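Down below is the structure, laid out as structure tokens.
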Amino acid sequence: MIITLPWPNLKLTPNAKRRKHWRSYQPAIKSDRAAGAICTCLALPLRAKKAIAATEGKIAMVVTFYPPDARRRDDDGMISAFKHLRDGIADALGVDDHRFRPTYVFAEPEKPGRVEVLL
């Protein structure tokens, strides 16, 4: 099952957060977390969400980043900015996000400005 998410908010990259007060990027955190939960609810039927939550142990996921343009990006920055979308997925599934075991793929901008998660 594939969950299509928006590109993480640029305010949530580690370089953008540096030397700023945490309150300045708090709205972006809430927005991305809500987007992760909403996109998960729209992509997965209730039966599938319950089945994933009922499984024991770790949950494998493949996260593919499709950048919005051809600029070079740090892979660790993309993973860090994705954290709040990932928290939203965990909220929608009703699981703790420590159970996720992601594999990250960094694609070319053929589907610009999105992140796809395969569960």
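The values are calculated or read from the model by the stated rules, or taken from the named source; none is laboratory data. What you see is a predicted model; the values in this text were computed from it and never measured. Note: ideal-geometry Cβ built from the backbone for every residue, glycine included; neighbour counts use all protein chains shown. Please note that ligands, DNA and RNA were not included when accessible areas were found on the heavy atoms of the full protein model with its side chains. Shrake-Rupley method; radii C 1.70, N 1.55, O 1.52, S 1.80 Å.
Overview of results
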read-out: Residue in segment 19-31 that is closer than 21 Å to residue 112 by Cα and either touching a Ser or Thr at 6+ places or on another chain (Cβ under 6 Å) or modelled with pLDDT of 90 or more (or both) present; value: yes
read-out: Test set (1) exposed (fewer than 15 other Cβ atoms within 10 Å of the Cβ); (2) among the hydrophobic types (A, V, I, L, M, F, W, C); (3) at pLDDT 85 or above; (4) over 13 Å from residue 84 (Cα atoms) - residue 10 fails condition number; value: (4)
read-out: Condition check for residue 5: out of contact with any strand residue (DSSP E or B) (no Cβ under 7 Å at 6 or more places or on another chain) and either at pLDDT 90 or above or open to solvent by 20 Å² or more (accessible area, probe 1.4 Å) (or both); value: no
read-out: Complete set of residues in segment 18-32 that are open to solvent by 100 Å² or more (accessible area, probe 1.4 Å) and assigned to a helix (DSSP H, G or I); value: 22, 23, 30
read-out: Among (1) free of Cβ contacts under 8 Å to residues at least 60 places away in the same chain; (2) open to solvent by 60 Å² or more (accessible area, probe 1.4 Å) - the single one residue 40 does not satisfy; value: (2)
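Residue-by-condition table, conditions (1) in contact (Cβ under 8 Å) with a residue 24 or more places away in the chain; (2) under 17 Å from residue 100 (Cα atoms):
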position	(1), (2)
17	no, no
29	yes, no
36	yes, yes
49	yes, yes
53	yes, yes
63	yes, yes
